[in-house]
Structure formats: C-alpha cells, structure tokens
Amino acid sequence: MDTQSERHIINQIKEGDSDAFKLMVERHKDASLSLAISILKDQDLAEDVLQDVFITVFQKIETFNFKSKFATWLYRIVVNTSYNQLKKIKKGVDIEEITIVPEKLITHEEMLKEENQKRFINLALLRMNADEALTLRLFYLSEMSIKEISKITGFKTSKIKVCLHRGRNNLDFQLRQLLGNELNDLL
C-alpha cells in the first residue's frame with residue numbers, strides 16, 4: 001500500500017470509520033498472525049493475542065503520528081503483546097520443548113506443491129528460537145529493513161544480524177530434520 005493511501009485510511013480510522021479499520025485489519029492480519037506465531041508457537045494463542053492487538057490499535061490509533069510506516073508501528077504492538085503473553089505462560093511451560101509433528105505423511109509429489117513448502121517452512125520456524133523466527137519472518141516475509149526490524153523488536157542492529165545468520169542456519173537444520181533427503185526435492 002502506498003504512503004498516501006495508508007495515510008488516507010489511517011485518517012479515516014481516526015475519524016471513526018469502522019470500514020477503513022476493517023480494511024487495515026484485513027491488509028495486516030496475516031503478517032501480524034505470522035509474527036505472533038513466531039513468538040508464541042501456538043496458532044490459537046496467537047489468534048487470541050491478535051484480537052488484543054487490534055483492540056489496542058483501534059484504541060491507540062490517535063497516537064500514530066506517521067513518523068514511521070503504519071506496519072512498523074503495528075508490528076511493534078504485535079511483538080510486545082506476544083512477548084508479554086509469552087511471559088505469562090512461560091512460567092509453567094518450556095516453549096522450546098514443544099515438538100511439532102506434521103499432521104500427516106505426504107507423498108513425494110505432494111511436497112513439491114507450494115502450499116507444502118510454506119507448511120514445512122512454518123513448521124521449521126515454529127521449532128526455532130522465537131527471536132530468530134521473528135527476525136526471519138520480518139526480514140524475508142515482510143521485507144522489512146534491519147532498521148525497521150530494530151524499531152519493531154527493540155533489538156540492536158548487531159543482534160538482528162546475528163539472529164538472521166543463526167536463523168538461516170537453524171532454518172536449514174530444522175528443515176533437514178523434518179524432511180531429511182527430501183529437502184532438495186521440496187526446494
């Protein structure tokens with residue numbers, strides 16, 4: 001979405017236009033959900049967090065001042081809310097110990113399909129460290145710059161670069177764990 005269009009929609013939201021808000025939610029919900037899942041490792045929990053995020057966005061939209069992209073501001077709220085939720089639940093559960101198993105075995109031909117590529121990449125990201133998965137999603141899937149990632153996450157540039165480097169290696173490792181020799185066929 002171009003800057004003028006984004007500014008117009010945000011101004012409409014500030015004036016109370018619920019249709020404009022619905023449009024903004026529709027445009028950002030998938031990427032926001034993906035970020036929340038990166039941190040929380042649970043789709044249902046991430047969807048709950050996202051509801052809280054969009055309520056917060058609606059309540060705080062007046063504070064958005066166009067000094068950054070709307071997506072940067074929104075994703076910062078997603079990240080903060082997700083980490084706060086993680087702190088609440090992490091007391092009794094070690095998220096790193098959760099093992100995700102593919103729902104069903106699929107044939108070699110089915111794995112070549114694009115939806116299966118996404119499925120296995122998402123499974124691999126769910127098995128990774130939250131900071132690495134989040135950084136990879138923001139950099140590659142949301143096409144954010146390191147500067148924008150820093151604004152969203154609060155991470156220093158050096159940490160982002162380290163997370164990207166380790167994350168790429170870890171993603172490769174996790175995909176190899178999930179797919180073994182069939183990884184080359186998937187890619």
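Computed from the coordinates by the stated procedures, all read-outs in this text should not be read as laboratory data. None of the values given here were measured: they were computed from a predicted structure. Here Cβ is always computed from backbone atoms with ideal geometry, including for glycine, and neighbour counts include all displayed protein chains.
Modelled spin-label separation between Lys156 and Gln51, with each label point placed 7 Å from Cα along the Cα-to-Cβ direction: 3.9 nm.
Between Gln177 and Asn11, full extension at 0.36 nm per residue minus the direct alpha carbon distance yields a gain of 55.0 nm.
Remark: Val57, Val78, Val49, Val162 ranked as Val162, Val57, Val49, Val78, counting other beta-carbon atoms within 10 Å and listing the fewest first. When the pairs Lys67/Lys88; Lys118/Lys159; Lys118/Lys161; Lys29/Lys67; Lys41/Lys69; Lys22/Lys118 are compared against a 28 Å limit on Cα-Cα distance, Lys67/Lys88 fall above it.
Taking the number of Cβ atoms within 10 Å of each Cβ as an exposure proxy, the fewest-first ranking of Lys67, Lys22 is Lys67, Lys22. Between the range 59-86 and the range 14-36, the C-alpha centres lie 12 angstrom from each other.
Charging the Cβ of each Asp and Glu at -1 and of each Lys and Arg at +1, and nothing else, the dipole of the range 1-97 about its Cα centre rounds to 440 debye.
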